[in-house]
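In what follows, a single structure is set out as structure tokens and then discussed.
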Amino acid sequence: MSNTIAFSDSNFDTEVVNNEGTVLVDFWAEWCGPCRKIGPVVEELANEYEGKAKIGKVNVDENPEISMKYGIRSIPALLIFKNGEVVDQIVGAVPKAVLKKQLDAQL
């Protein structure tokens, strides 16, 4: 079972922007090959970081407002938020170790 949260245009402010703590957001789409490659890694991180960080995904096709607000032009794009502010960004399918290192730096 995955602890990944489905973020959307309607719940993004509540779940991410108004959240005190660290949140990793994966912007993805069903048709995106690299997104499908990194998806299981994001789900593993959601389980590993349970209680330490909130981890979720935004489907860019279903949630265009949030994608435009944060200037998402290439996917997969992963934004790390801390106390509601973007503090780091990763674009492309990167190894799990890279994601962990950047996420750990914000905890």
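Every number here is computed from the coordinates shown, using simple stated rules; none is lab data. Note that the structure is a prediction, hence the values are computed from the model and not measured. Cβ: placed from backbone, ideal geometry, glycine included. Neighbour counts: every protein chain shown.
Computed values, structure above
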item	result
Added length on full extension, which subtracts the Cα-Cα distance from 0.36 nm per residue, residue 96 to residue 6	30.4 nm
Of all DSSP beta bridges in the chain, antiparallel share, percent nearest 5	55
Listed values [x] 18, 17, 13; [y] 32, 13, 11; [z] 22, 20, 18, entry calculated as semi-axes √(5λ) of the Cα gyration tensor in Å	[x]
Net charge, residue 62 excluded, C-beta distance under 13 Å - Lys, Arg +1, Asp, Glu -1	-3
Per-residue [θ]222 nm for the chain (sum of -39500 (n - 2.57) over DSSP H runs n ≥ 4, rounded to 500)	-8500 deg cm²/dmol
HN-Hα J in Hz across the range 50-61 - Karplus 6.51, -1.76, 1.60, θ = phi - 60°, x for Gly and Pro	4, x, 10, 8, 8, 10, x, 10, 10, 7, 5, 6
Lys, Arg +1 and Asp, Glu -1 on Cβ, resulting dipole of the chain about Cα centre, debye, nearest 20	420
